[in-house]
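> The structure follows.
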Amino acid sequence: MLHPWQARLLVVESMWTWYRRNWRATVVSTVLSPVFFLVAMGFGLGSQIQPSGLTGGQSYAVYLMPAMLAAAAVQNAAGESTFPVLSGFKWSRIYWGMTATPITPAQVATGQLLWIFFRLTFSGVVFAIVGTLLGAVTGPGIVLSLVFAVLAGMAFAAPLVAFAATVEGEGTAFSPVFRFIVLPMTLLAGTFFPVTELPAVVRPVAWITPLWHGTELTRAAAFWDLEFWPVAGHTAYLLALIGIGLALTVRNFRRRLGV
């Protein structure tokens with residue numbers, strides 16, 4: 001009988017075995033894309049933006065960096081939580097193979113989320129290092145920003161994995177997720193400018209997104225402007241999304257794998 005954590009780590013190991021042979025295919029989407037965004041917006045467009053109260057007195061590249069860390073985590077979470085999950089059920093069918101062993105559907109589900117956590121952490125570390133080399137990082141607070149960015153990414157990943165576990169078709173159900181959730185969230189949840197600059201009617205939509213909460217936390221950490229109650233509130237919201245998503249993911253994996 002496998003220990004539950006041993007089973008989860010075996011799930012992670014199987015995904016790592018595939019990734020170490022195919023990691024080059026993910027470099028552009030998970031690492032280079034956020035770097036290009038940072039360079040284009042932070043140092044390109046940002047060269048025309050003077051430090052002000054809206055940027056916390058920082059240059060635009062420095063203001064953008066922690067938010068891009070959160071946005072990259074959420075975007076990578078979307079990529080890891082959609083087609084790879086559908087593939088595990090429908091195309092590669094690796095989940096079925098796993099549950100033919102003593103590994104349970106619940107352990108497959110939590111192992112999948114654990115793998116996404118490791119992927120987001122690794123990509124975030126690389127992006128933070130590149131941002132530091134580019135001069136967009138001002139202090140050690142970026143380490144805590146990375147923690148909050150991964151937290152925001154997992155808050156988006158967990159419910160999305162639960163949804164992906166219900167998709168039966170060829171993945172067309174994911175198109176609205178990327179088009180009407182991920183893209184608008186990246187643009188309007190405080191990544192490039194404060195949410196207070198949005199029309200009042202739109203702000204509540206931004207407030208319910210995990211990216212806004214992640215952005216508030218990553219910027220507060222990067223600039224060491226941490227206040228207990230805002231940090232506690234944002235963190236609690238993200239943890240609640242992770243908890244709900246985890247419960248739904250386990251339920252949906254059990255239903256689909258028929259165990």
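> Select, from VAL85, VAL31, VAL35, the only residue that is crowded, with 22+ Cβ neighbours inside 10 Å, under 17 Å from the mean Cα position of the chain (by Cα) and in contact (Cβ under 8 Å) with a residue 12 or more places away in the chain.
Matching residue, one of VAL85, VAL31, VAL35: VAL85.
> Can you tell me which residues in the stretch 131-173 are more than 18 Å from the chain's Cα centre (by Cα) and within 19 Å of ALA70 (Cα to Cα)?
Once the filter is applied, which keeps residues that are more than 18 Å from the chain's Cα centre (by Cα) and within 19 Å of ALA70 (Cα to Cα), the stretch 131-173 yields THR132, LEU133, LEU134, GLY135, ALA136, VAL137, THR138, GLY139, PRO140, GLY141.
> Select, from TYR19, TYR63, the only residue that is over 26 Å from GLY139 (Cα atoms) and either in contact with a Cys (Cβ under 7 Å, 6 or more places away or on another chain) or surrounded by 15 or more Cβ atoms within 10 Å (Cβ to Cβ) (or both).
Going through TYR19, TYR63 in turn, just one is over 26 Å from GLY139 (Cα atoms) and either in contact with a Cys (Cβ under 7 Å, 6 or more places away or on another chain) or surrounded by 15 or more Cβ atoms within 10 Å (Cβ to Cβ) (or both): TYR19.
> Among the residues that make up the stretch 172-184, is at least one of them surrounded by 24 or more Cβ atoms within 10 Å (Cβ to Cβ) and in contact (Cβ under 8 Å) with a residue 40 or more places away in the chain?
Scanning the stretch 172-184, I find no residue that is surrounded by 24 or more Cβ atoms within 10 Å (Cβ to Cβ) and in contact (Cβ under 8 Å) with a residue 40 or more places away in the chain, so the answer is no.
> Then there's this: PHE122 is checked against (1) buried (at least 18 other Cβ atoms within 10 Å of the Cβ); (2) closer than 24 Å to LEU10 by Cα; (3) over 11 Å from the mean Cα position of the chain (by Cα) and fails just one. What number does that condition carry?
(1)
> If you check every pair at least six apart or on different chains, which have Cβ atoms under 6 Å apart with a residue in the stretch 102-113 that is surrounded by 21 or more Cβ atoms within 10 Å (Cβ to Cβ) first and a residue that is not in a helix (DSSP H, G or I) second?
Pairs that qualify, where the first residue is surrounded by 21 or more Cβ atoms within 10 Å (Cβ to Cβ) and the partner is not in a helix (DSSP H, G or I), are PRO105/VAL259.
> Among PRO51, PRO4, which is the only one that is closer than 25 Å to ALA106 by Cα and surrounded by fewer than 17 Cβ atoms within 10 Å (Cβ to Cβ)?
After applying the criteria, what remains is PRO4.
> Which condition from (1) within 23 Å of VAL35 (Cβ to Cβ); (2) in a helix (DSSP H, G or I) is the one that GLN58 breaks?
(2)
> Restricting to the stretch 221-233, name every residue that is free of Cβ contacts under 8 Å to residues at least 40 places away in the same chain and assigned to a helix (DSSP H, G or I).
Those that are free of Cβ contacts under 8 Å to residues at least 40 places away in the same chain and assigned to a helix (DSSP H, G or I): PHE228, TRP229, PRO230, VAL231, ALA232, GLY233.
> Would you be able to say whether some residue in the stretch 153-166 is surrounded by fewer than 16 Cβ atoms within 10 Å (Cβ to Cβ), β-branched (Val, Ile, Thr), touching a residue at least 60 places away in the same chain (Cβ under 8 Å) and within 30 Å of ARG255 (Cα to Cα)?
Looking for residues that are surrounded by fewer than 16 Cβ atoms within 10 Å (Cβ to Cβ), β-branched (Val, Ile, Thr), touching a residue at least 60 places away in the same chain (Cβ under 8 Å) and within 30 Å of ARG255 (Cα to Cα), one finds at least one in the stretch 153-166, hence yes.
Values in this text are rule-based calculations from the coordinates and carry no lab data. Computed from a prediction, not measured in an experiment: that's the story for all the values here. As a convention, Cβ positions derive from the backbone with ideal geometry for all residues, glycine included, and neighbour counts pool all protein chains shown.
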